Structures are given as structure tokens and as C-alpha cells.
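The structure under discussion appears below in the form of C-alpha cells.
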Amino acid sequence: MDCIFCKIVAGEIPSVKVYEDDLVYAFMDISPINKGHVLVIPKEHHHSSSTVPEEIGGRMFHIGSRIGVALKRGLDFEGFNLHLADGTCAGQVVNHAHLHVVPRGVEDGFHWNWRQLEYAAGESAETAEKIKNKLKL
Ligand code: 5GP
Ligand code: ZN
């Protein structure tokens, strides 16, 4: 399969490893938002986070959070963002699910473009119903 992250896991494309176990691989992002930006990926190929099994997804989150703490302790950051883009419209460029661990500082000059829409009366509950009706676990 022509997947750059599968090739990184296989060692066919070089990467700077931060952590590896039986389920996940973590390495330095080549174009960091802040220096220390790490990617945590499942070793097995999944295009979407939605097909990643619970055990592997849980490991990704756990390791991502622990790496976030290491970014604070080791690189003097004050916090971190965990970010996952699922789908091209959401900003996913590499089609192998990956969790970004982005170290953050109070004045690091980076801002999420996070808007805040408002619901009309009842619209939030109606929207929740549509979600609940399609939720398959
Ligand atoms: P996405 O936009 O899909 O959520 O994020 C893909 C990330 O992978 C980007 O932050 C990009 O810098 C990183 N990336 C893409 N190609 C490579 C690569 O060959 N090596 C490494 N280390 N990171 C990569
Ligand atoms: Zn892959």
C-alpha cells in the first residue's frame, strides 16, 4: 500500500522516533506547529479514526497525553493540544489516522480559528437526536 505512515512504521521512510510499542508509533512531525510537535499513529493502517479498534485508539490517546506531559516537562511548554483530523474537509492530508500532540505556550503565536455559533431554541436537542439515532458503537 502506498502510505507514507505505513512506510515510516516499516522503517522504509526515515523518522525521528519518540515512542513505540506493539500497537502505536510516535514520531516528530516534519513541519511542526511548535517545535516538539509529535504524531501518534496506529501501527496498522486505518484511513479513518473511526475504524481504529478501541484498544489501539485508547493507546493512542494515552500515549499522546503522556507525550504531552513530556513536552511540558522536557521542553518547558505550558500545555498541549491533542488534534485529529478525520477527512479531507477536516484537514486530513495523510490518509493514515494520526493524533497530533502539539506543545503550547501562552505566547506561542498560534491560534485555532475557533468560531462560536449559536443554536436557535430547541435546535441543540434536535441535532443531538440526529446524532444519537446514527450512533453505532
Ligand atoms: P494532517 O494534516 O493529515 O492531520 O497531518 C499530517 C501531518 O503529517 C502534517 O503535520 C505533516 O507535517 C506530517 N507529515 C507529512 N509527511 C510527513 C513525513 O514524511 N514525515 C513526518 N515526520 N511527518 C510528515
Ligand atoms: Zn498507512
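Structure notes:
- Taking the square roots of five times each eigenvalue of the Cα gyration tensor of the stretch 72-134, the equivalent ellipsoid has semi-axes of 31, 18, 12 Å, listed largest first.
- A Förster distance of 30 Å, applied to the separation of the beta-carbon atoms of Ser50 and Lys17, puts the FRET efficiency at 0.70.
- Column: log10 I(q)/I(0), Debye, Cα scatterers of the chain, q = 0.16, 0.21 Å⁻¹: -0.91, -1.27
- Relative protection proxy for 1-7, 79-85, from highest mean packing down: 79-85, 1-7 (other beta-carbon atoms within 10 angstrom).
- Around Leu117: net Lys/Arg minus Asp/Glu count, Cβ-Cβ under 15 Å: -2
- Loop-located trypsin sites (Lys or Arg not before Pro) in the stretch 12-103 (DSSP state not H, G, I, E or B) with no more than 14 neighbouring Cβ atoms inside 10 Å: Lys35.
- Solvent-accessible area, 1.4 Å probe, carbon plus sulfur percent, for the stretch 4-134: 54 percent
- Proximal charge balance of Thr127 [Cβ under 15 Å; K/R count +1, D/E count -1]: -1
- Solvent-accessible area per residue, Å², over the stretch 4-134 with all protein chains present [probe radius 1.4 Å]: 66 Å²
The values are calculated or read from the model by the stated rules, or taken from the named source; none is laboratory data. In this text the structure is predicted, and so the values were computed from the model without any measurement. Cβ sites come from the backbone with ideal geometry, for glycine too, and all protein chains shown count toward neighbours. The area values use the complete protein model at the heavy-atom level, side chains included, leaving out ligands, DNA and RNA. Shrake-Rupley method; radii C 1.70, N 1.55, O 1.52, S 1.80 Å.
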